[in-house]
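Here, each number is a calculation from the coordinates, and none is a lab measurement. Quick caveat: nothing in here was measured; it's all calculated off a predicted structure. Every residue, glycine as well, gets a Cβ built from its backbone with ideal geometry; the counts of neighbours run over all protein chains shown.
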Amino acid sequence: MSPSSSPVKTSELLVKALEGEGVRYVFGVPGEENLDFLEALRTSTIEFVLTRHEQAAAFMAATYGRLTGRAGVCLATLGPGAANLVTGAAYAQLGAMPMVMITGQKPITRSKQGRFQIVDVVSMMRPLTKFTRQIVHGNTVPALVRECFRLSEEERPGPVHLELPEDIAGEVVEDWHLIPRRAPCLSCASRASVAKAAEMIEAASSPLLLIGAGTNRKQVIEPLRAFVEKTGIPFFNTQMGKGVIGGAHPLYIGTAALSDNDYLHCAIDRADLVINAGHDVVEKPPFFMRPGGKTVIHVNYSPAEVDTVYFPQHDVVGDIGNSFSRLTERLSRTDHHDFSYFMKIRQEVLGHMAMDADSNRFPLLPQRVVADVRKVLPADGIVALDNGIFKIWFARNYRTNRDNTILLDNALATMGAGLPSAMVAAMLKPDRRVMAVCGDGGFMMNSQEMETAVRLGLNLVVLVLRDNSYGMIRWKQAMDGYADWGLEYGNPDFVLYGKAYGAGGHRVESADSFLPLMERCFEEGGVHLIDVPVDYSENQRVLINELAARVCLL
């Protein structure tokens, strides 16, 4: 423990503890109950990022956690402010993103306002967090903060919560000690489990690697790549595992954007062994297991959660990166594997992805949108997706070149997260091209953060794919045979809307003008909003009719 110094307020001690954890930003909307804490932030090394809604602050903190592995921090006041963090807490919990939420509260040693704005925030946060606690005395702050960051960042990462009442924030702490930060501890898989997995891989004739959400950690990426390079085993990924190894890799055969009956499922069906790295049950199953079917090895930080469609025959439980490093070292006999069928499926998948990528139809087809975004973004460019039907098109058709260059949420799958996520990426990677891709529905759920982006001086291009409806639900409506009803709405003039915030406002007028417009916006710098009319009639033809007619190659 570090030695104590002069007496400080609890709020000041909380900020010192955050500094000790290496916190760079606090995102949020403060209230009167946070003013002591806000004043302590003012004189600290931490940058306070004022947002226009608490939900956006939580999305930004969670994305910071995802991109850095270090818990992002967000701030809200009591009652309504704290309640507005709930969606962000669920986003971080299901998405395994480390995040610390700090909320205010009325005084607990005295009260002059009865129950005004008071809800039991600690109880509200309990189902959505790994840890939640009210601070009742200043001398507990160093231990509580250290425990919060430890729990938030250890596997499986997630959100934690601290509530700081107004009167406790102002109390003076005489004797205090900061607790030094320690790196999260990761356990290692047993020698026997690794040896058994190696035997199963060597005995298989056509193994296939699945890259899931749990592999999207810095310490996993290089060991996983080394495993693929040595063994030559082809791989596919879930939506949240997308980009861990780039889609440009010659052994990439596709993304499991759907649970069944997509082209790459032909390869999955033919595999006699699936090595499932980082499977997370928050995602829709990338494939369905059936009794008597393929063998599955579960490689993850925790044992498999068994259900009717996922019951792996072997577990390798421990740090995923360490497990694959040891597997790579142990494997010696892999040249007998037959991947010829997988390579045929790869060509089928890539051919299907290329269809209509250069279509001149207008409004734009989603295939053209994805293809042109890929062209305008360099290998290290980052695209942050909101949620909508376009996410499936990007998951299937967008090929990554580097890790963490496509940010999507297939866990909570909440609308409204795309713009805040892109803003954090632009803050952390100012030398890269960063783009938010939002549907008109999702964009309008947090569109007020355009002002925040402009105020922060970010370089950011925001695509608003406009179909004047909740397109994902209309697609599901069509799939289930219901009438097309109840999901259309009007929109503002997005060109004027962007300009009203001090950003650039643009509208795509033809298919051929789309790519040059994006390029011009990136070259100009600053924040730009582009209104993109989109034609989602392809949802029915490609994602329903063509897949229904799909026949696996023999």
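Rounded to whole Å and sorted largest first, list the principal axis extents of the Cα atoms in region 355-545.
Its Cα atoms span 47, 34, 33 Å along the three principal axes.
What FRET efficiency would be calculated for the residue pair residue 109, residue 154, taking the C-beta separation as r and a Förster radius of 45 Å, to the nearest 0.05?
Values: r = 34 Å, r/R0 = 0.75.
So, using R0 = 45 Å, E works out to roughly 0.85.
Considering Cα pairs under 8 angstrom that are at least six residues apart, work out the relative contact order of the chain and quote it in whole percent.
RCO, the chain: 13 percent.
Can you pull out the chymotrypsin sites (Phe, Trp or Tyr not before Pro) in region 466-554 that DSSP calls coil and that have at most 15 other Cβ atoms within 10 Å?
482, 485, 489
Is the shape of region 191-347 rounded, prolate or oblate, going by the alpha carbon gyration tensor and its root eigenvalues a ≥ b ≥ c, with a/c under 1.5 for rounded and a/b larger than b/c for prolate?
Values: a/c = 1.18, a/b = 1.08, b/c = 1.09.
Rounded is the answer for region 191-347, as its axis ratio a/c remains below 1.5.
Looking at 206, 257, 342, which one has the Cα that reaches farthest to the positive end of the dipole of the chain (charges on Cβ: Lys, Arg +1; Asp, Glu -1)?
My answer, from the dipole projection, is 206.
Mind listing the Cα extents of the chain along all three principal axes, in Å, largest one first?
75, 61, 43
Please list, ordered by chain and number, the residues whose modelled amide H lies under 5 Å from the amide H of residue 72; skip anything fewer than 5 residues away on the same chain.
Distant-sequence amide H within range of residue 72: 65, 99, 100.
Once amide H atoms are placed 1.01 Å from N in the peptide plane, what residues at a sequence separation of 5 or more from residue 382, or on another chain, have their amide H within under 5 Å of its amide H?
433, 434, 435
Considering only DSSP beta bridges with both partners in the chain, what is the antiparallel share in %, to the nearest 5? Don't skip to the answer; put the middle values down first.
Values: 4 of 70 bridges.
DSSP beta bridges in the chain are roughly 5 percent antiparallel.
Got a sec? How would 24, 368, 361 order by Cβ neighbour count within 10 Å, fewest to most?
Listing 24, 368, 361 from fewest to most nearby Cβ atoms yields 361, 24, 368.
Quick one: of the DSSP bridges fully inside region 8-173, what percent are antiparallel, nearest 5?
The answer is about 10 percent antiparallel.
Report the chymotrypsin sites (Phe, Trp or Tyr not before Pro) located in region 33-141 that are in a DSSP loop and have at most 11 other Cβ atoms inside 10 Å of their Cβ, or state none. Walk me through the numbers before you get to the answer.
Values: sites: 37, 48, 59, 64, 91, 116, 131; in loops: 116.
The qualifying sites are 116.
Taking amide H atoms as placed 1.01 Å from N in the peptide plane, list the residues 5 or more away in sequence, or in a different chain, whose amide H sits under 5 Å from that of residue 134.
163
Cysteines without a disulfide-compatible partner in the chain, using Cβ under 4.7 Å as the rule?
Isolated Cys, the chain: 74, 148, 185, 188, 438, 521.
What value in Å³ per residue do you get for the convex hull of the alpha-carbon atoms in region 1-155?
110
Ranked by Cβ crowding within 10 angstrom, fewest neighbours first, how are 132, 43, 215 ordered?
Details: 132 22, 43 9, 215 27.
Ascending Cβ contact count within 10 Å gives the list 43, 132, 215.
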